[in-house]
1. Out of the residues in segment 309-323 that are small (G, A, S) and surrounded by fewer than 23 Cβ atoms within 10 Å (Cβ to Cβ), state the one that is nearest to E168 (Cα to Cα).
2. When you go through D341, D326 one by one, which is the residue that is in the same structural domain as S218 (by TED's automatic domain parsing), of a type outside the set (A, V, I, L, M, F, W, C), within 17 Å of I281 (Cβ to Cβ) and surrounded by fewer than 16 Cβ atoms within 10 Å (Cβ to Cβ)?
3. Being free of Cβ contacts under 8 Å to residues at least 24 places away in the same chain, out of contact with any Phe, Trp or Tyr (no Cβ under 6 Å at 6 or more places or on another chain) and in the same structural domain as L228 (by TED's automatic domain parsing) is the requirement here; does Q336 meet it?
4. Output yes when any residue across segment 205-225 is among the aliphatic types (A, V, I, L, M), more than 21 Å from the chain's Cα centre (by Cα), buried (at least 17 other Cβ atoms within 10 Å of the Cβ) and closer than 22 Å to D341 by Cα, and no when none is.
5. (1) modelled with pLDDT of 95 or more; (2) surrounded by fewer than 22 Cβ atoms within 10 Å (Cβ to Cβ): which one isn't true of R359, the others all being true?
6. Which count do you get for residues in segment 164-223 that are among the aliphatic types (A, V, I, L, M) and part of a helix (DSSP H, G or I)?
Amino acid sequence: MIDIAQPADDLDGLHIALLTSWASHLGGGVATAVWQQARMIRAAGGRVTIVALADEGSSTGDLAESDITVLTAPVQGPRQIGYAPALARCLEQAAPDILHLHGIWMYPSHAGAQWARRTGRPYLVSPHGMLDPWITARGRLKKAVARLAYEQDSWARASALHALTRDEAADIAREAGADRPVLVIPNAGPPASDAPVQARPPHVLYLGRIHPKKNLDSLLEAWAVADLPTGAELHIAGWGDPADMAAFRQKLDAAPATVRFHGAVHGADKAQLLAGARWMILPSHSEGLPMAILESWAAGTPTIMSAACHLPEGLEAGAALLCDTDAGSIASALEQALQMDPAGWEQRARAALTLAAGRFAPAEVTRAWVAAYRDLAPLRGRVAA
């Protein structure tokens, strides 16, 4: 396992392609991280191309930028597999020095492995938490087929795998083999807000996908039974697959009137929700390194989170409260958070901003990635076996 933290020069024109399943907001936190990575590469003097499966938002909407090239391939068959043979042509067109795959368990893993075999150029794989035990225990048959069909080959051909946290590095060692080179570099959050810390109404925000792993059923159950102060509101902003959304709306219909659902939010609307919440909550069963928490800390919003968020730094710094995934534990954490005195909350809000300006600051993470990419660069031109 390799922790990359040393400073490095810029990328000096190195061309890096970022391969992923979905490059729009449909890709959730992974897509957000991909676009952030693309901006980082560009700012560090590199060239960048995003290669993804085609969807209705791949090159439009909140995430896209007009001066970052996006190449997409149409999906044939089920979206869950993402079979897109034209990805190979997209990768040939991009012709990068380094290919960096974000996310696993779908056809882009096969396309990435085949590119690495064909070109012999450096290939980096970021699972983004998708080797977490909660994830690997779901859809076992599909994942077993994916392992045999392409994932094991993809991991074997990778010059290195990338973990967001030390917990994820352990997951990678367990699933891909302890002998695999692993880089440990966190996601970067947005720049920390310079707005003064001020009192906020007793509002709690959930921000992210509507998906079983996010544990919204327990959150809604907890909100219904918690002893909450006058004016307390739970704001939920997110999106999901049709089946997940239908199940969520059934639960929402039975929720207290103090629960507000905003649908998907982006840009200024998301920033307004973050800045107006006293706390952000993420009681997930499984995460990689959740962008929503980093966005919250950058807005000066402390968090309530489960251990599955893999951010012990927040607990150590005082920027977060811990909850378990059952409704009783979540309710207790909500009560503790919303009954906290103003001075105590302000201390936690400042701790959140300090974290956002430190380890997770864009400049810090950029230095780590520049060093990692430059270490891989000498591998250009090596012929694969």
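1. Among those that are small (G, A, S) and surrounded by fewer than 23 Cβ atoms within 10 Å (Cβ to Cβ), it is A317.
2. Only one candidate qualifies: D326.
3. yes
4. yes
5. Failing condition for R359: (1).
6. Adding up the residues that qualify gives 9.
The rows are residues; the columns are (1) of a type outside the set (G, A, S); (2) out of contact with any Leu (no Cβ under 7 Å at 6 or more places or on another chain); (3) in contact (Cβ under 8 Å) with a residue 12 or more places away in the chain.
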{"position": "H310", "(1), (2), (3)": "yes, no, yes"}
{"position": "G314", "(1), (2), (3)": "no, no, yes"}
{"position": "L322", "(1), (2), (3)": "yes, no, yes"}
{"position": "L355", "(1), (2), (3)": "yes, yes, yes"}
{"position": "R359", "(1), (2), (3)": "yes, yes, yes"}
{"position": "P362", "(1), (2), (3)": "yes, yes, yes"}
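Residue-by-condition table, conditions (1) buried (at least 24 other Cβ atoms within 10 Å of the Cβ); (2) at pLDDT below 95; (3) among the β-branched types (V, I, T):
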| position | (1), (2), (3) |
| --- | --- |
| T258 | no, no, yes |
| H266 | no, yes, no |
| I281 | yes, no, yes |
| A292 | yes, yes, no |
| A298 | yes, no, no |
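The values are calculated or read from the model by the stated rules, or taken from the named source; none is laboratory data. Because the structure is a prediction, the values reported are computed rather than measured. Virtual Cβ from ideal backbone geometry, glycine too; neighbours counted across all protein chains shown.
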